[in-house]
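The values are calculated or read from the model by the stated rules, or taken from the named source; none is laboratory data. Everything numeric here is computed off the predicted structure, so don't read it as measured data. Cβ placement follows ideal geometry from the backbone for every residue including glycine, while neighbour counts extend to all protein chains displayed. Keep in mind that these areas ignore ligands, DNA and RNA; they rest on the heavy atoms of the full protein, side chains included. Shrake-Rupley method; radii C 1.70, N 1.55, O 1.52, S 1.80 Å.
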Amino acid sequence: MRVLYPTIPTKMSQPGLSPQYRISQLAGTLLRLLSDNAPEWFNLSVEITQFPSLSPSLSTVSEQFIPDADICVATAWQTAYFVASLSKSKGEKAYFVQHYEIWDMWNSEECWKMVSERFDDSSAYPILMSKVDPPSREMEHQKKLVDNSYQLPLSIITISSWLNRLLKTQFDREPIATINNSVNHDVFYYDSTDNYDARLSVLVPYRSAAWKGKKQASELLTRLSEHDDTIDLHAFAPSGNSDELPNSVTWHEGISDSELRRLYSDTDILVVPSWVEGYHLPPLEAMACKTAIVATEVGCIPDLMKKGDVVVPVPPRDSEALIREVQRLIRNPQRIETLKNNGYKLVNSYSWDDFAEQFEEALVTIKRDTSTLDNC
């Protein structure tokens, strides 16, 4: 297996980018060319290769740097266009859809207001967002590119039931497989520091993007800090500004996986307030560390709910519902223990090895089915 990525970011070929953005992207490209191109956030034991590409229309130039293969898999809408343009010698074409990548719309209060005014089912908002007319030319352009990528002649694999439903109902595409994300049990497992504290602890991811539920996270932590001084409150993020959070919240920034594992393990309740997710990992990681989960009913949560009493779901973007369910759980220690044990048992029943095996089976199916069609 080989991982390939464009030296020049695919977004550079899009119209409407500011000169400052183009300069920053070109500077980043030069740095990548002059440095080690391996990812820094995890160990990857495969060959990583850069290839020059500014546009799929120039794929004949880029193909010189791409080896022949049995399967070529796009992992985002930008690379889907490039993979679709490659010659047959580069393998059968697949598209690994991990999110509905209309990022500007997910961050737009105006878009969320439009979808909530048109539809009543809050749990279906991520799917129904595909029916919203973007309020700006930039959003419209991005949405059109993402939507059209699902019509490319690529076999689709996805990661969650809601993405499967989105592709079927809104784009008339039937994924070859839907394979849920898993957990790396070598990294995330119960690892308590054994510093016994009778105080209950609540942990919240606090990301800068609006669609990560920053507003709801802030409102939850503020309310808890005002009404209950017997709870230890924690928030974490790769980077960011914690100044708007109450002083009683302990802030964890840029922590390592091992530090995050111990933080999960010493936490009673993880609260995940995202407005939308593909199939997010924090709930699964925390379950592997025996943490109870309260989360909005997006991403992996609908799939987890089908597997037992492992999570407390709440509607997305509803601060009052989120606060109410967290406070209710805080008052019920037995329920917390039930969620911890059920989640721990569930998440330890499968692994990334299972995911890899299912993904490989999907690729074999694509190769077999395409070869059968070619021989007809």
Every listed condition ((1) part of a loop (DSSP other than H, G, I, E, B); (2) open to solvent by 10 Å² or more (accessible area, probe 1.4 Å); (3) of a type outside the set (V, I, T)) holds for G299 save (2)
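Being under 23 Å from W275 (Cα atoms), modelled with pLDDT of 95 or more and surrounded by fewer than 21 Cβ atoms within 10 Å (Cβ to Cβ): is that true of D172 here? Walk me through how you get there before you give the answer.
Details: under 23 Å from W275 (Cα atoms): no; modelled with pLDDT of 95 or more: yes; surrounded by fewer than 21 Cβ atoms within 10 Å (Cβ to Cβ): yes.
No, not satisfied.
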(1) modelled with pLDDT of 95 or more; (2) in a loop (DSSP other than H, G, I, E, B); (3) open to solvent by 10 Å² or more (accessible area, probe 1.4 Å) all hold for D68 apart from (1)
Just a yes or no: is a residue in segment 222-234 part of a strand (DSSP E or B), touching a residue at least 24 places away in the same chain (Cβ under 8 Å) and within 30 Å of E101 (Cα to Cα)?
-> yes
A careful count of residues in segment 104-136 that are in contact (Cβ under 8 Å) with a residue 60 or more places away in the chain and open to solvent by 70 Å² or more (accessible area, probe 1.4 Å) gives 1
Counting only residues in segment 71-92 that are closer than 26 Å to C300 by Cβ and of a type outside the set (V, I, T), the one surrounded by the most Cβ atoms within 10 Å (Cβ to Cβ) is identified as A80
Do we find that R262 is closer than 15 Å to G213 by Cβ and open to solvent by 60 Å² or more (accessible area, probe 1.4 Å) in this structure? no
_Filter pass, E285 being among the charged types (D, E, K, R) and surrounded by fewer than 20 Cβ atoms within 10 Å (Cβ to Cβ)_ = no
Worksheet entry | D186 being assigned to a loop (DSSP other than H, G, I, E, B), open to solvent by 80 Å² or more (accessible area, probe 1.4 Å), out of contact with any Pro (no Cβ under 7 Å at 6 or more places or on another chain) and not aliphatic (A, V, I, L, M) | yes
When every residue in segment 206-253 that is open to solvent by less than 60 Å² (accessible area, probe 1.4 Å) and aromatic (F, W, Y) is compared, the one farthest from P283 (Cα to Cα) is W211
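Just one of V276, V294, V271, V326 is open to solvent by less than 30 Å² (accessible area, probe 1.4 Å), assigned to a loop (DSSP other than H, G, I, E, B) and hydrophobic (A, V, I, L, M, F, W, C); which is it?
Details: V294 fails: assigned to a loop (DSSP other than H, G, I, E, B); V271 fails: assigned to a loop (DSSP other than H, G, I, E, B); V326 fails: assigned to a loop (DSSP other than H, G, I, E, B).
V276 is the lone residue from the list that is open to solvent by less than 30 Å² (accessible area, probe 1.4 Å), assigned to a loop (DSSP other than H, G, I, E, B) and hydrophobic (A, V, I, L, M, F, W, C).
Given the structure, is Y95 open to solvent by less than 20 Å² (accessible area, probe 1.4 Å), more than 14 Å from L4 (Cα to Cα), at pLDDT 70 or above and not in a loop (DSSP other than H, G, I, E, B)?
Values: open to solvent by less than 20 Å² (accessible area, probe 1.4 Å): yes; more than 14 Å from L4 (Cα to Cα): yes; at pLDDT 70 or above: yes; not in a loop (DSSP other than H, G, I, E, B): yes.
So Y95 passes the test.
When the residues of segment 137-161 are filtered to those that are basic (K, R) and surrounded by fewer than 20 Cβ atoms within 10 Å (Cβ to Cβ), which remaining residue is modelled with the lowest pLDDT?
It comes out as R137.
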